[in-house]
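The values are calculated or read from the model by the stated rules, or taken from the named source; none is laboratory data. None of these values were measured; they are calculated from a predicted model. We place every Cβ from the backbone using ideal geometry, glycine too, and count neighbours over all the protein chains shown.
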Amino acid sequence: MKKAMLRNGLILGGFALITTSLIALTFSFTHERIDAAKERQLLSTLNQVVDQSLHDNRLHLDCILVNSAALLGNKPQRVFRSRLGVNNTALIVETTAPDGYSGAINLVVAVDQLSTVLGARVVQHKETPGLGDKIELRVSDWILDFTGVRYEEALDHRWQVKKDGGQFDQFTGATITPRAVVNAVKNAAIYAQNNMQQLFSMPSNCAALSPDATTNAAAIEVISSE
Amino acid sequence: MSNEYKNLTLQGLWKNNPAIVQLLGLCPLLAVTGTLINGLSLGLATTLVLLGSNITVSLVRNFVPNEIRIPIFVMVIASFVTIIELLMHAFTFGLYQVLGIFIPLIVTNCAIIGRAEAYASKNPVQFAAFDGLMMGIGFTLILVLLGGMREILGLGTLLSGAELLLGDWARELTIQLYETDANFLLAILPPGAFLGLGLIIAGKNIIDQAIAARQQSKGKKVVQRARVTGTDI
């Protein structure tokens, strides 16, 4: 009896060892490619919102972690700095709209020195396919409406969907989603405007710990909310 | 010999199809079949896992004591799934983002451990491999069919997102069948998956009945159907 248990235990242990080492082997072959793919994706999103002609630094490495529960959602967000030579050109702010129709919507918003929004993109969302997902550029070009719009305090009321008296379209059958996105982009613009100089001058501090840290956190979030 | 292969093909693709007869692996089946390409991709991933796990389980079937066979099967399946997840993450990044959490869920697809336990652990490796392949193809066919139906009804396209699986050149494969401003939401959302699967099963039953009726009218003996049913996690 004892002997059988020992034997079974050893066999199980042997299998665990073999399978785990196979996984470890695959991981060591693929992790560079995976990291590169993640970086490429981040870079391509960043390059979409800030034109190539506006920066010559490595955007995804020049970034800082910030916290602003009121304007950017209640988790640390990254701010990427776009620079051309010695000149600062734009800030790319990661932000979260907490009030989407089905949970949080993650975006990046690029804002230049004059608080003009250079572009916004939805990075991750769980909105209804066919209705709320028109915020994705893949589905509709609605998100491009933000490009070139400047934030001014006096014109604050224009930063709403048309239904609420603002200048941005809502979608047929979905008002909550665009409302959340408009709000998030506006708040990101306000945040960038209020902290412009400070954000540009802080030393870069998140390139090392990020893409991975944040994507993992996002993955955990997705899994726990399913 | 060839009879066994023929039998396995028939079982996997039709008589004992994991998706529409055994009704196994419904969670990923219903969740990802919003488009044909999503269905095809998950089907291929599942087929690879089935093939790998069936071969491995069959190879070790003589060394594995009966009492600990289930944990070993689970370990084998889980490691195959993890390896495939890593490979998809590395080589088809876009697709990985679409299928996301459903790839790890292949582990919980009872069709896989079901085949390991019911077939691979009792049969030689070439049959086990063939069984895994056929079961996988049977599962993939249903995923593709359901995904295609929902995509046509819901989005009016076919093969959208092919570039995620095949690379950028495949962008042109997308067929726009009709333009619509308002998508047919029912087809895209989960209820559409249940309704679609129900219709496919009903269609299979109609065909089976027609075959049985024809055979009866010819005076032949009706073929007895062997089926394994189980509950999904």
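Values as computed for the structure displayed
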{"read-out": "Options A:166, A:132; residue that is modelled with pLDDT of 85 or more and crowded, with 17+ Cβ neighbours inside 10 Å", "value": "A:166"}
{"read-out": "Close pairs (8 angstrom Cβ cut-off, 6 or more residues apart or separate chains): of a type in the set (A, V, I, L, M, F, W, C) in the stretch B:201-222, modelled with pLDDT of 90 or more anywhere", "value": "B:222/B:212"}
{"read-out": "Those residues of the stretch A:21-55 which are assigned to a helix (DSSP H, G or I) and among the aliphatic types (A, V, I, L, M), in sequence order", "value": "A:22, A:23, A:24, A:25, A:34, A:36, A:37, A:42, A:43, A:46, A:49, A:54"}
{"read-out": "Criterion violated by residue B:81 - all others in (1) closer than 21 Å to residue B:133 by Cβ; (2) surrounded by fewer than 21 Cβ atoms within 10 Å (Cβ to Cβ); (3) at pLDDT 90 or above satisfied", "value": "(2)"}
{"read-out": "Answer from A:23, A:18, A:64 - the residue that is farther than 26 Å from residue B:94 by Cα and within 10 Å of chain B (Cβ to nearest Cβ)", "value": "A:18"}
{"read-out": "Cross-chain or 6+ apart pairs with Cβ under 9 Å, the stretch A:93-116 first and at positive phi, then surrounded by fewer than 21 Cβ atoms within 10 Å (Cβ to Cβ) and among the hydrophobic types (A, V, I, L, M, F, W, C)", "value": "A:115/A:190; A:115/A:196"}
{"read-out": "Criterion (free of Cβ contacts under 8 Å to residues at least 60 places away in the same chain and crowded, with 17+ Cβ neighbours inside 10 Å) met by exactly one of A:10, A:59", "value": "A:59"}
{"read-out": "Qualifying helices (runs of 4 or more DSSP H) (wholly inside the stretch B:87-162; at least 3 residues being surrounded by 23 or more Cβ atoms within 10 Å (Cβ to Cβ) and touching a helix residue (DSSP H, G or I) at 6+ places or on another chain (Cβ under 6 Å))", "value": "B:110-118, B:125-155"}
{"read-out": "Residue list for the stretch B:68-90, restricted to those being facing chain A (nearest Cβ under 7 Å) and under 14 Å from residue A:29 (Cβ atoms)", "value": "B:82, B:83, B:86, B:87, B:89, B:90"}
